[in-house]
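Notes for the one structure printed next.
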Amino acid sequence: MIKKSLFLILVLCSSILSAQEHFPKNDGVKSRNTNLTAFTNAQIYVAPSQSISKGTLLIQNGKVVASGTSIPIPPDAVIIDLKGKHIYPSIIDVYSAFGVEKPKPSNHSRTPKYNPSREGFYWNDHIRPEQNAIDYFKFDDISAKTLRKAGFGVVNTHLQDGIIRGTGALIALTDKGGDSERILNPRSGQYSSLNKSVKSHQAYPSSILGSLALLRQVDYDADWYAKSELKTTDRALEAYNANKNLVQFIAAGSRLNNIRVNKVGKDVGIEYVILGGGDEFERITDIKKTNATYIIPVNFPKPYDVEHPFLAETLELSQLREWNQKPANPRIMAENNITFAFTSNGLKSPEMLTKNIRKAIEYGLDKNQAYEALTLIPAKILKQYHTIGSLKNGAFANFLITSGHPFDKETTIYENWIKGNKHILESMTIKDIRGAYSFTIDEVTYDLNIKGEIAQPKAILKSDDNKLDAKLYYKDKWLSLTFTANDTTKQNYIRFVSRVDSNQNLTGKIIHSNGSETAITITKKIDNPNTKNQNTANDNARASVKTIQAITYPNSAYGFSQMPQQETLLFKNATVWTNESDGILANTDVLIKNGKISKIGKQLSDHNAKVIDATGKHLTAGIIDEHSHIATSSVNEGGQNSSAEVSIEDVINPEDINIYRNLAGGVTSIQILHGSANPIGGRSAVIKLKWGASAEDLIYDNSPKFIKFALGENVKQSNRQSYNRFPQTRMGVEQLYIDYFTRAKEYETRKKSGLPYRKDTEMEVLVEVLNGERFISCHSYVQSEINMLMKVADQFDFSVNTFTHILEGYKVADKMKAHGAGGSTFSDWWAYKYEVNDAIPYNAAIMHNAGVTVAINSDDAEMSRRLNQEAAKAIKYGGVSEADAWKFITLNPAKLLHVDHRVGSIKVGKDADIVLWNGHPMSIYTKAEKTIIEGVTYFDIERDQQMRSAIKKEKNTLIGMMLQAKNKGQKTQPIIKQKKHHMHCDTMDDKNH
Amino acid sequence: MKILNYLFLQLCCLSIGFAQQTPAPQQKEAFTIVGATAHIGDGTVIKNSAIIVDQGKIVACVDATTTKIPYRGQIINAEKKHVYPGFIAPNSTLGLQEIDAVRATDDTRELGEMLPHIRSLIAYNSESKIVESMRPNGVLIGQITPRGGTISGTSSIVQFDAWNWEDAAIKIDEGIHMNWPRIFKRGRWWMGEDSDLKPNKNYAEEVDKIQKFVSESKAYLEGNKTIINLPYEAMKGLYDGSQTLYIHANSEKSIMDAVMFTQKNNISRRVIVGGYEAYKVADLLKANHIGVLAQRVHKTPELDDDHYDYPYKLAKILVDKGVLVGLETSGQMERMNSRNLPFYAGTVAAHGLDKEEALKLITSNTAKLLGIDKQLGTLEAGKAATLFISEGDALDMRTNIISRAFINGRNISLETHQTKLWKRYEQKYNKN
């Protein structure tokens, strides 16, 4: 009784609401259908995990009124009997570009543009929060039809262009009622990405570094805009503030970027819903740590065409694994309780979605969880939980009528109802003719097997075990079968036609090849064997989930399947290069414990220690590279002449193979510097090369703060076709510094005054420099500019910590010494630019003799792995002692990086970052055998050998699997040899990052 | 204004080009280096040697403890020191470009595809500051090689202490360099394509172009040459065996195809340059007496999956398989980096090759590959006295400290633009 009245209230409510509408009508009388529709006898999935057997679903005015097993059906209801059929909520694409045309790129110009093209908006063209997808929206019938066919009821679309892209719109895909029916929410969320708008060529940001920084700065600026009483108008910031309370989406696109954008979100207080890359499983613990909600593409790679061995050999293990492992990504995310929705974004067509999800299910994803990822989860993300994604009372009547679970292989979707509007995909009255039949013509017996989808069945015809050529057409109740006679040599075709009114025997006529006709009944022996088998097949599938190759850290060659652990190690009888007053100690033991150097002496022992016989070997502190560009996804933000706001810490790439190669060369710590595209570059990351660890864990605890500055040809853009960015001369470089530091001082004064101020990361960073809290490492070549920067620093009362490259340092070594600047130089590079004409390999020796703290750096992923050789060149060029030359790549860079209290020498209490060499560490004939960081052996020459054979074996296995896949008829993709980035000071990001 | 700047820059470059040391005069008197460890360059060592040099040639290189040959001329005491044959840098662009970033100084690559007539020698700047910086490291000879095109042009071999290119020349127009088509090509990113490397669809077509050029030039050379064709003319030496074809190729397939191509066209003198995957076809190379100038040792591996030390040991793998191997230095900053050639050999030794075998990679083996082994590459009687004295092991940077160097017996200067600056500033600070 209560149910009944509740139901009446519901019905009344909805009719009252619609009764209020009045629009002029000039083409007839007003006739609205307010009838109820009742779907009876169906298996109803109100939500994927909440199902009703033989239930009734009642809808009216586009919404669900009620569902259940004992729903009273009102007399004015149209009844649709769905015996044996299923009702599922229709699916939602939460990340779509439906109906919004991608803008055309503006004309390219050769010279970079530094200024915005718009007025009255934010200073950066790529910040476009004022864009509303709804203003660009035009319902696209053809795409809508394809989407409906794939089971979609609602899509959430937006203009996929720019770093901040404005609002999106939630659209119902019904073909009836026009946009007023379709637009469910014209402001469904705000969208961001790391990619620039194609509408503008404004150079900044030219890198992912800049994109991340810009996302932060826009938020600060919008905050200031809202608070301050500015007299100028900024329509972008106004829109940004207006959109702030909407759901915030961001396209990250890869496991590493997911973590990066999440960090930005945390900094500015935005909980992003992140469009991932489908590769989350490779860093699943870190992804889980983000606590974010994800939207996951399901574009699983095709196997490579590996038939050509020469080409196949160029495939990396990581490429091969990607094919093997990616379909398991959804399962692994689910196992880790990460909330995710699926999207068809990135797929060639929405039809691929079900196919690929089916694959994910084969790899262990729960079917219902998969369905939730397209219904409940997107509904929750969109904060539309009550209206879409389920068939709860009051929700939109968006559902599919199917023959089974939408993700089962042979399921047919008959109808896709959206807001109560029916869209027929396949006729529901179609009879399921699938099954096994047999018939006899001219005393020849034929066995016919009809299988496949109900609406598009396929025939397999055999006679005496000969497979015959047979084509089946089945449409609009008529079936026709054309096949070759048993005697295939004659190429005689026999046709059979039948009107199908039941799903039992097929009655019709045979048309022989000679034109004569015979009436025939083809008898059904087994009813739809496929469906029955299918269930068991599914059960089997669940029992035998497809397995993948082991995931390693990083998930590429030389990754660890188990991260190596910290050990207590006792090195016996080594030659120990202490870098301390003890100098080089012969026949000495070193004990490392808890990640620290615990004891140095003779005849040491420790019961728990693993003893390593180091007789004839040398033990040194790990090598430190003051100037490196490995292990980063981006080097330069060159879109402006100052980019203090960017930080390499944002873009560390812990998966760069060069980390491993550097370890093999005895390197344990590096400074990843920003490039030299601008006088004020970006902030550094000072890291340890903990191969396999996550980006965050590489960074030093309480890391010293550094920033890259640069002088000379690169910042003047002398070797580029760029003539419109200040400065173009060394004269301008000086003034740029004076200008920026003056502004930073003013900024600090304002900040300290207690008056409101606009938070500006760039200025914050420069204030740190002025206050000696952040150190400069300055790319420099000729003496005039080196001298200049020291004078500028003097003027602002700070000192330049390090001049890096510093190839003419020898000309001003006395001035550097007086100023307190260190020099981190190349051993012997020169002749690559005009400004290195006077670069000499004796530079390190002269600076060292003048009392400057000297380091030898690499700036190069190749040289960094043999810095021991580069240090040895200081012995040849200028006669530096061996002990001092060794410090050039250990203790001295530690000092320059302000980490010498932790690393750089073998001293009790310091971090156990050490290298065991098979000989004199600066001899060309020597190799590193073990490289240890904080007691963990990250490189071991013997383990490396084992890894080599394991890699070879696994590649073979995977290539074999790909060959097999191709033989089975799977489509393949052509081989791609991955592009190798060798980062240097002047390396820029790709065009679109 | 821009043009003025440009001119100014050019003038600057010219003015710095004149800082070269004066070439040494011809050897007038004989001398004998006594007591050094002589690294012959053929795999052997004479611990206490006597090297007698006269008229620009090595008269004898013998064991001082046992020899009865009388020493000649001045005695250079080299006890505890080491003597090596001058190192040879093949496939080099030394003297063809002075500053990488300044286009005005670049003479490395000519326009066009089939350029056998292009001759590196005449552009070789014997007064290059980079060339003189080779000598203090023991690199005394180079094969000056043009880049660019499919057939890049003709190389010549020079010594590094000369007034001009004529003086410098050791062997003129000795070989033709060909860049074999690559099996992978980069997408045209400027046209919106992915810049990843994809299989080169035009490979066969590109190979066919070379074949066509070879066939046509052969036909031309057989004919009456009514109209002179310079490129075809320049190919003659390849067919009559007077010139070597240097085929720059790295992949297994390219190398195999290149070998078959030369076989088919009766090009008898061949060397593979680069050879990253040459070990995979080592048997084929050995059987056909084709040597390899193995690519730069100090390089990162091509693939992430490759062994970290693969570039270090490539030469050793080839040597072990019986292939004749030399080391070349092309690549990033190749000119200035060529002075590290001895350390490339040292690195190969670090990764398993015997030290004296490693030395061959930059001396006798290279001389053989370049066809100059009759006059250079070892410390043997009758060969040019192009050698140097080092304080220690010249393959190790700690001990590659060279006190004397000779080219054809000429006592050459070891000063450079760089040593002069060094001394000047050392003095500046010492005075203070």
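None of the figures in this text is laboratory data; all of them are computed from the coordinates on show. Note that this is a predicted model, so its numbers are computed, not measured. Because the Cβ atoms are built from the backbone with ideal geometry, glycine has one as well, and the counts that use them run over all protein chains shown.
Extension gain B:Ile75-B:Thr22, at 0.36 nm per residue separation less the Cα-Cα distance, in nm? All intermediate terms of the calculation are to be shown ahead of the outcome.
Values: separation 53, 0.36 × 53 = 19.08 nm, distance 2.45 nm.
Residue separation times 0.36 nm, minus the Cα-Cα distance, leaves 16.6 nm.
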Taking every other residue with Cβ under 12 Å from the Cβ of A:Thr552 and scoring Lys and Arg +1, Asp and Glu -1, one gets -1
Charge context of A:Thr232, other residues only, Cβ under 13 angstrom, K/R +1, D/E -1: -2
Compute the acute angle (0 to 90°) between the alpha-carbon long axis of helix A:730-752 and the principal axis of greatest extent of the alpha-carbon atoms of chain A; round to the nearest 10°. 70 degrees
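Give, rounded to the nearest 20 debye, the magnitude of the charge dipole that the protein assembly as shown has about its Cα centre when Lys and Arg contribute +1 at Cβ and Asp and Glu contribute -1 at Cβ.
Values: 175 positive and 159 negative charges, 474 e Å.
I would put it at about 2280 debye.
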Roughly how many whole Å is it from the C-alpha centroid of the stretch A:927-955 to that of the stretch A:183-211? 42 Å
DSSP-loop chymotrypsin sites (Phe, Trp or Tyr not before Pro) across the stretch A:45-145, with at most 16 other Cβ within 10 angstrom: A:Tyr114, A:Trp123, A:Phe139
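Report, for the protein assembly as shown, the % of DSSP beta bridges that are antiparallel, rounded to 5.
Numbers: 149 of 238 bridges.
Counting DSSP beta bridges with both partners in the protein assembly as shown, the antiparallel share is about 65 percent.
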Rounded Å value of the spacing that divides the Cα centres of the stretch B:360-429 and the stretch A:83-120: 65 Å
Loop-resident GluC sites (Glu not before Pro) in the stretch B:160-259 with no more than 11 other Cβ atoms inside 10 Å, DSSP not H/G/I/E/B, are B:Glu193
Using alpha carbon centers only, the stretch A:810-872 is separated from the stretch A:586-629 by a whole-angstrom value of 29 Å
Any idea which of A:Val497, A:Leu736, A:Trp224 is furthest toward the positive side of the dipole for the protein assembly as shown, if Lys and Arg beta-carbons carry +1 and Asp and Glu beta-carbons -1? A:Val497
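With charges only on Cβ, +1 for K and R and -1 for D and E, what is the dipole size of the stretch A:363-418 about its Cα centre, in debye, rounded to 20? Please list the in-between numbers first.
Numbers: 5 positive and 5 negative charges, 54 e Å.
Computed about the Cα centre, the dipole is about 260 debye.
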Got a sec? Charge dipole of the protein assembly as shown, +1 on Cβ for Lys and Arg, -1 for Asp and Glu; which of A:His779, A:Ile80, A:Val800 is way out at the positive end? A:Ile80
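Work through the residues other than A:Val306 whose Cβ is under 11 Å from its Cβ and net out their charges, Lys, Arg +1 and Asp, Glu -1. Please report the intermediate quantities before stating the final value.
On the way: positive: A:Lys955, A:Lys966; negative: A:Asp305, A:Glu307, A:Glu313.
Within the 11 Å Cβ shell, the charges total -1.
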Starting from the Cα of A:Ser513, step 7 Å along the direction of its Cβ; do the same at A:Thr440; then give the gap between the two resulting points in nm. 2.2 nm
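Grab the DSSP H runs of chain A that are 4 residues or longer, score each as -39,500 (n - 2.57), total them, divide by all residues and round the 222 nm result to the nearest 500 deg cm²/dmol. Mind dumping the intermediate values first?
Working: 27 runs with 270 residues, N = 993.
Calculated from helices alone, the mean residue ellipticity at 222 nm is -8000 deg cm²/dmol.
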Rounded, prolate or oblate: which fits the stretch B:249-400 when a ≥ b ≥ c are the square roots of the eigenvalues of the alpha-carbon gyration tensor, with rounded for a/c under 1.5 and prolate only if a/b beats b/c? oblate
